[in-house]
Amino acid sequence: MTVTPLWVTDPHPPARKTYRALYLRGTTQIDREVVSARAEVSALGWYRFFINGVDMTGSALVPRWTPFDHYVEYQEYDITEHLIAGLNVLAMAVGDGRFRGRNGALNHQAVYGDRLAGWARVTIRYADGTESVITTDRSWLAGPGRIGATDPKFGEHADLRITDADWLTDDTAPARLAPCAVLDTARTLIPEEVARVQDVARLTPASIVRTPSGKQLVDFGQNAAGVVRIRLRGKAGTVVTLTHSEVVGKDGELDTQYLALLPIGKQWTQTDHVTLDGSETWWQPWFTIHGFRYVEVDGIGHDLSPDDIEYVVLSSAVTETGEFACSDPRLTKLYENVRWSFRSNFTDTPTDCPTRERSGWTGDLQVFTTTAAMYGDVRDYLSRYLRNLAAEQLDDGRIPMFIPAESSAFSGGFPGFFRFLSSSTGWGDASVLVPWDLYRYYGDTDVLARAYPAAERWIGFLLTRADTKPRRQRGRRGTVDPRDERYIVDQGWDFGEWLRPGEDFLGSAMDSLRRSAPVVATAYLEHSARLLSRIAGILDKTDDAARYAMLADNVRRAWRAAFIGSDGTIGLDRQDDYVRAISFGLLDDSEKPAAAARLDRLVRDAGYHLGTGFLSTGALLDVLVDHGYSDTAYRVLRQDSGPSWLQQIDRGATTIWETWEGYTKKGAAKASHNHYSFGVCARFLVERVAGIRPGAAGYRHILLSPGIDSGLDHAKATVGTPHGPATISWVRTGASIEVTTTIPAGSTATLALAGTQYEIAEGNSTTTITVNDDERPRINA
């Protein structure tokens, strides 16, 4: 018989100002030999689960963030070896997590509920063939413990004077615990589907110094996401404060103001507080995660040594499969910076940054999916994201601008202003483009089938937007046949290209609102409809394939009439206009040379600096290379004055910045310093510089095209494929090019080099050819 556990909670409903961790305890007697035992555990909030004082959860932040109104994940643990004869103590601590903690840029609290709760079912099988099931029920005890506030963003408060031993292992429960309450709630539970957010690396300090104000400042030398583990000692009652940040100000003090969306009002910090008990102990927070490189330590009377503190890096433990290196150490460093932004933001959901919003922005992920595939096996992780997306798609087909949508029935549903912003193309198109990219890199048709209904509904919503009147003429260069006006997306909200060089948040928003939205939005309608037609064909939906192909043709015709001028100029005549037009296939073959030449001219006129934002940066270099402007592409890639990738490295970046500038003209840090969106260049490093990319879905065929015109002497890369790792390494010595490859079984490969193609068999091989010197332009960057 199936026994259903109850959601157990504190008997005293908390006031918002008194939110603290929830401690739960249950017991069971065992008087027979145990053969096996497993526990299924979940919580409303992040939890840790213990058996007889043994921590089964460790540093993992579980359950992950899901649309909690729809479903909650549970985890399974094998607890066989931790059970004992006699009294066994089952214990849980539950922190706010994403359920009750602050979420999003506005730091909304208690979005999904205001009462933490635990849920557990332990199934024990005995040697005599019998079985018993222990669940969370009214026999459990609940109450406070040593952890007070547990906000996932603002930090954790702990009082070490309150012991854990009585709660975890003593035969008698502590007096602070009382009979639990039971939540009158029904939650759909699903098993966890992907690797947990857990400890994936440890970092030691690069330096520890005193700031001008006398506080100790620890620099770990690497921006990342996680918490610190620190050895504490001092007088009982002493409060130690740990404040985290990505940057240090010009005054030598930790900068905690740079993330503020507004320059006024109360600012928040990522701060942990620990009250000492007088003994020496190691301490690490349980229910928070911070984005930082530096931590400021205040309240300790002695000087910290590097042995006293370490960085516990937290990330979803996806299998990392990618590598890249080349003869320019700056580009190798760039690839590693992107890796750290990937790690920092692939946590309980793909986030924009580990500091400010920590939200699952659809636009950021849409542009980064293929780059993520350069670093690890993200198929299951992103399929889970798409499941959440489908669950939270709005009734009219809109896609919330972040997934999960940071809303629930408890807090009043999806806010109207968020609903307005969720009309944006480039963001909602994640419903089409992310599954398509997963198919391209993993050959996964199941993800296409699961994502198909949401993608269809999104296209339907865009058609409704396009058919809305009155018409606006923003960004138009031509005249549209009145019958085609219904295919121009010129109403509603779009974030647009977003954060071109020199733009701040307000500037980007106003540019889109006043001028550029229709040329971007209509292009995305055509692009997503075209891809949906291809997806339908792969899924044998023949009628749908024809219908969406016709839609894409109609939109393409309307876009061309509206946004290509009689002189061939496109949109607002900016770099992204040409990148988008070429990469989306909106131009006829005869038009592409002139458009590519105009793009090249715009880049050169900008001093070989890029002028693209979130949506087009990922395609800029490919478009230039594919249309004969490799020299321009590599000058942009290796540009070391701003805006550029290498300028960030020269200024000490260890991750990718949210804006191209990263700092104000006065030298103050601004915006996030750990966003992966502009890290899309890492895909170009692997696929075009080293030269290895899928030639057919799932790398069934592999294209090898070493970037011998990059000005580099050597490059190498490894990518993970569904068939195993594939590698390429090339070295140039004079006029000789030696290319070494490893092709996994189940794949074929073609090597394109100096105008000649070579078929490469699976396994290891080396190819050496001679090329002319004029095929290796030297780049001064």
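Readers should treat all values here as calculations from the given coordinates under stated rules, not as data from a laboratory. Given the structure is predicted, the values throughout are model-derived calculations rather than measurements. Cβ placement follows ideal geometry from the backbone for every residue including glycine, while neighbour counts extend to all protein chains displayed.
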Loop-only chymotrypsin sites (Phe, Trp or Tyr not before Pro) in region 192-290, please: DSSP not H, G, I, E or B, and at most 16 other Cβ atoms within 10 Å. Trp268
In the chain, what % of DSSP beta bridges are antiparallel (nearest 5)? 95
Using +1 at the Cβ of each Lys and Arg and -1 at the Cβ of each Asp and Glu in the chain, identify which of Thr319, Val480, Leu61 lies farthest towards the dipole's positive end. Val480
From the backbone phi of region 290-295, what are the Karplus-calculated ³J(HN,Hα) couplings (6.51 cos²θ - 1.76 cosθ + 1.60, θ = phi - 60°) in whole Hz, Gly and Pro given as x? 10, x, 6, 10, 10, 10
How high is the relative contact order of region 323-690, in percent, with contacts defined as C-alpha pairs under 8 Å that are six or more residues apart? 20
Length-normalised contact order of region 701-775, Cα under 8 Å, at least 6 apart, in percent, tallies to 30
Between 0 and 90 degrees, rounded to the nearest ten: what's the tilt of helix 379-392 against the longest Cα principal axis of the chain? 80
With +1 on the Cβ of every Lys and Arg and -1 on the Cβ of every Asp and Glu, the dipole magnitude of the chain about its Cα centre, in debye rounded to the nearest 20, is 1780
Rg ratio (alpha-carbon, reference 2.2 N^0.38 Å) - region 323-690: 0.94
By the scheme Lys and Arg +1, Asp and Glu -1, what is the net charge of all other residues having a beta-carbon under 12 Å from that of Arg98? 0
Relative to the longest principal axis of the chain, what angle (0 to 90°, nearest 10) does the C-alpha long axis of helix 517-538 take? 80
For Val35, which sequence-distant residues (separation of 5 or more, or a different chain) have an amide H within less than 5 Å of its own amide H, given hydrogens modelled in the peptide plane? Arg125, Tyr126, Ala127
In terms of modelled amide H atoms, which long-range or inter-chain residues lie less than 5 Å from the amide H of Tyr74? Ile190, Glu192
Within region 226-295, which GluC sites (Glu not before Pro) sit in a loop by DSSP and count at most 12 neighbouring Cβ atoms inside 10 Å? Glu280
Round to the nearest 10 and give me the degree value, 0 to 90, for the angle of helix 362-375's Cα axis relative to the longest principal axis of the chain. 90
With respect to the cross-link table entries Lys17/Lys670; Lys153/Lys670; Lys333/Lys670; Lys17/Lys235, which display a Cα-Cα separation exceeding 26 Å? Lys17/Lys670; Lys17/Lys235
Å³ per residue of the Cα convex hull, for the chain? 180
Packing-ranked peptide list from 374-383, 530-539, highest mean Cβ count within 10 angstrom first, is 374-383, 530-539
Within 11 Å, Cβ to Cβ, of Tyr126, how many net charges do the neighbouring residues add up to if Lys/Arg are +1 and Asp/Glu are -1? -2
Among all the lysines, which ones have a C-alpha under 19 Å from Lys592's C-alpha, if same-chain residues fewer than 8 places away are not counted? none
Any idea what the relative contact order of region 217-324 is, in percent, if you count C-alpha pairs under 8 Å spaced at least 6 apart? 48
Mind checking which of Ser42, Leu90, Thr748 is farthest towards the positive end of the chain's charge dipole, using Cβ charges of +1 (Lys, Arg) and -1 (Asp, Glu) about the Cα centre? Ser42
Once you have the Cα-Cα distance between Phe420 and Ala175, take 0.36 nm times their residue separation minus that, and quote the gain in nm to one decimal. 83.1 nm
log₁₀ of I(q)/I(0) at q = 0.18, 0.22, 0.25, 0.26 Å⁻¹ - region 701-775, Debye sum with one point per alpha carbon: -0.66, -0.95, -1.18, -1.25
Centre separation in Å (Cα based) which lies between region 332-397 and region 98-167: 27
What are the ³J(HN,Hα) couplings of region 628-640, residue after residue, when phi is run through the Karplus curve with 6.51, -1.76, 1.60 and θ = phi - 60°? Round to Hz, x for glycine and proline. x, 10, 4, 4, 5, 4, 6, 5, 5, 4, 9, 5, 10
For the chain, with +1 on Lys and Arg beta carbons and -1 on Asp and Glu, the positive-most of His527, Leu183, Thr464 along the dipole: Thr464
Rounded to the nearest 0.05, what FRET efficiency do Lys665 and Arg515 have when you use their Cβ-Cβ distance and R0 = 30 Å? 0.75
Starting with the fewest neighbours, write out His723, His302, His675 ranked by other beta-carbon atoms found within 10 Å of each beta-carbon. His302, His723, His675
Ellipticity estimate at 222 nm from DSSP helix runs (n ≥ 4, -39,500 (n - 2.57)) divided over the chain, nearest 500: -7500 deg cm²/dmol
Trypsin sites (Lys or Arg not before Pro) in region 198-242 lying in a DSSP loop, each with at most 10 other Cβ atoms within 10 Å of its Cβ, come to Lys235
Local electrostatic count at Ala509 - Lys and Arg +1, Asp and Glu -1, tallied over other residues with Cβ under 10 Å: -3
